1. For the range 397-448, I need the span (max minus min coordinate) of the C-alpha atoms along each principal axis, in Å, sorted largest to smallest.
2. Net charge around Arg710, counting only other residues with Cβ within less than 12 Å of its Cβ (Lys, Arg = +1; Asp, Glu = -1)?
3. What does the charge count near His627 come to, summing +1 for each Lys or Arg and -1 for each Asp or Glu among other residues with Cβ under 11 Å from its Cβ?
4. Which residue, chosen from Leu451, Pro312, Val288, occupies the Cα position most advanced towards the positive end of the dipole of the chain, where the dipole is computed from +1 (Lys, Arg) and -1 (Asp, Glu) charges on Cβ about the Cα centre?
5. How high is the relative contact order of the range 55-187, given as a whole-number percent (alpha carbon pairs under 8 Å, six or more residues apart)?
6. For the chain, what's the relative contact order in percent, using C-alpha pairs closer than 8 Å and at least 6 residues apart?
7. Beyond 24 Å, what share of the Cα-Cα pairs of the range 190-302 is found? Please give it as a whole percent.
8. Let's see if you can work this out: charge +1 on each Lys and Arg Cβ, -1 on each Asp and Glu Cβ, no other charges. What is the dipole magnitude of the chain about its Cα centre, in debye to the nearest 20?
Amino acid sequence: MPLKVTAHPEVRESVLIVLIVLVCSVRAAHAQADPADAKSIAAVYTATPPTLDGRLDDPVWKNAAIVDDLHMVVPDAYAAPSEHSLIRVLYGKDALYFAARFDDSEPGKVTAMVLRQGDVSYGEDGFSIILDPFNQKRNGYVFDINPNGVRSQGLYTNVTEQNWNWQGIWQGATRRDGEGWAAEVAIPFKSLSFDPANETWGLNFTRWLGRRNERFGWVSHNQEQNPARSGEFTGLRGIEQGAGIDVVPGFRVGETRDYAGDRTDSFAEPSIDVFYKLTPALTAALTVNTDFSGTTVDTREINLTRFDLFFPEQRKFFLQDADIFEFGRIEDEGAKPFFSRRIGLSDAGEPIAIDVGAKLTGRIGRFDIGVLNIAQESAMGPGSNNLFAGRVAGNVLRESSLGIIVTNGDPASERDNTLLGIDFRYLNTRIGPNRTIVGSAWYQRSDTDGLHGDAEAFGIDLELPGRDGWDAELGWKEIQENYYPALGFVNRTDVREYELELGYTWRPVQRRLRAIRSGVEVWHVETLSGQLESEEITLTVVELENHAADYLTFDYSRSREHLVDPFEISDGVVIPAGDYLFDSFCVNLTTGEHRALAGETFVCDGDFYDGEMRAAGTVMTWRPSPHLRLGAGFEWNDIDLPHGAFITRLASLRADIAFTATWYWENFLQYDNVSESIGVNSILRWIPEAGRETVVVLNRQLEDPDRNNRFNSLYGELTLKLGYTFRF
């Protein structure tokens, strides 16, 4: 069926507006430049790697390239920073090396409450390094270290979004003294994808000053730092990855207990992952008997809608080079052609054994390439399912890309399913001071046994982000009735969606408030026959931000819902078919994460369908010391409808103990009164260095089916997992 976008005049007008702006910005992209793009440093080679201890007294640093011209990024762009910073850069044949000295006029107030590797607090002091090895201005890596030596790392899935679940192997050490703090970092070339013929990399630095909510950077634009706007690191020659092979054998042993069936099973299973750099820019990966023990459990959510919720991927194998499979800047609400959580997990979130998987990801010239093939146990019974995803995207214009994606296989059934998609992702960071344009256009078509015709999805959007003045976004998409991305995610079909966001941010000068923002968001969903399905208009009356990163927000929302069929929102509570119009008002307070006691609290009151709803919730974290993090969360919804009343409760408790920076114990308990169950997840980790891990996992599920406040054990699991990375 041919692509149709002419049935509605408003669609034609939206598409025309987007195309006009895109064309104009393409012309502007070639007409404007920013002096910041000229920042660069020349690479300095060292045959002797520095010792990483945070002291900065190694003689090799005396000859390093120096960066000492950081400027303020937030709150006052390009102003002189309030504290001095100096960064030294070296490279050897095996790694990049960085040494940073951060002076502080109040060294006793350096904020560093996080001690557990993998934990992140965005209100802390810290040092970030952005690397774009291909210097394509589209994606890259970010490495972050805090004054306690806690490392975190992420991938830029596109210029504006990061995936912090990616896990790369690198080293770092820090030291605090009477003048501030210092950091030393080594990033092995074995952990990166790059083209050895490319001697110029994109490079950027960020210093975070937590207690003042200030950020200093080397290169920035529109108060943002990302691969699109970075300096350059030139003259990289003779770098090596060795054989480019990582072998990660693992072994897990443990016991599961089914209390309802009074059955206990023991297991002892090996696993192995192998990563091979076919070229420095192209990685082949093989996984056999894949083990996902130790992966953090999902945070529960109460669903008061008719549609499925989206949960992010957290498994290491699928996160490696996950940015390559990103398509069309499609958000989480649906029409994603590929969503890796469809693999190895049932619709209920239960693990499905993966027998073997192979992946090829990386870059060849101007093209990003991703190929994934998985053989997993069938969810329908004996046998296995073969699942495939392929993605190719080529760089076009100065900062944009054009790509295709193909998926095949259905993990939830025996039906044949194939999907083909094409997308154009547009980026222009060069249209003028403090302005960026981000846009996309995409088309998909699925082919599924038993579903004939009306199997397309397509959309277009345009965003003008901004931290000062106006910001805006316009989007439209159509998802036909038989569109079925078996390896993707969609939560409603036979719909046409429109989105509009418009806001304005004012930054007072020399006031107690750092920013004042107001805005409006309009989201409209209708069936392809023109019948309203959902609509929500949210007015941010005012959002206030102070210099300590505390936010106070007042929102007003008006919603419309059309129910074709009755909707059972809770056991025995059914909302009849019909049209509903209701509104609500919410107040939200978020405190800066640098505080020892920090969190977010909201209160909402208003109508809900043809009744009333009151809601409140809070998530608080208390860090009395870097060794202890305690957290508590609670969400409460009191809904009173003519057809029945009910209350939902969702509660969670966290207790994380960091004995040292390499040995820690995570505990997470969750309860909700919808399933009337308690989930306990306890993980003891020992990571003496990146790439080595010993994990003990305890999972327990308790349930109160009679709702008499007597919880009985339903399921239990105890697992010991060992893993070691051998690099060649």
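1. 54, 18, 12
2. -3
3. +2
4. The Cα lying farthest towards the positive end belongs to Val288.
5. Here the relative contact order equals 23 percent.
6. The value is 10 percent.
7. I get 61 percent for the Cα pairs in the range 190-302 exceeding 24 Å.
8. The calculated dipole for the chain is roughly 2960 debye.
No value in this document is a laboratory result; all are computed from the given coordinates. Predicted, not measured: the structure shown is a model, and the values here were computed from it. Using ideal geometry, Cβ is built from the backbone for each residue, glycine included, and neighbour counts are taken over all protein chains shown.
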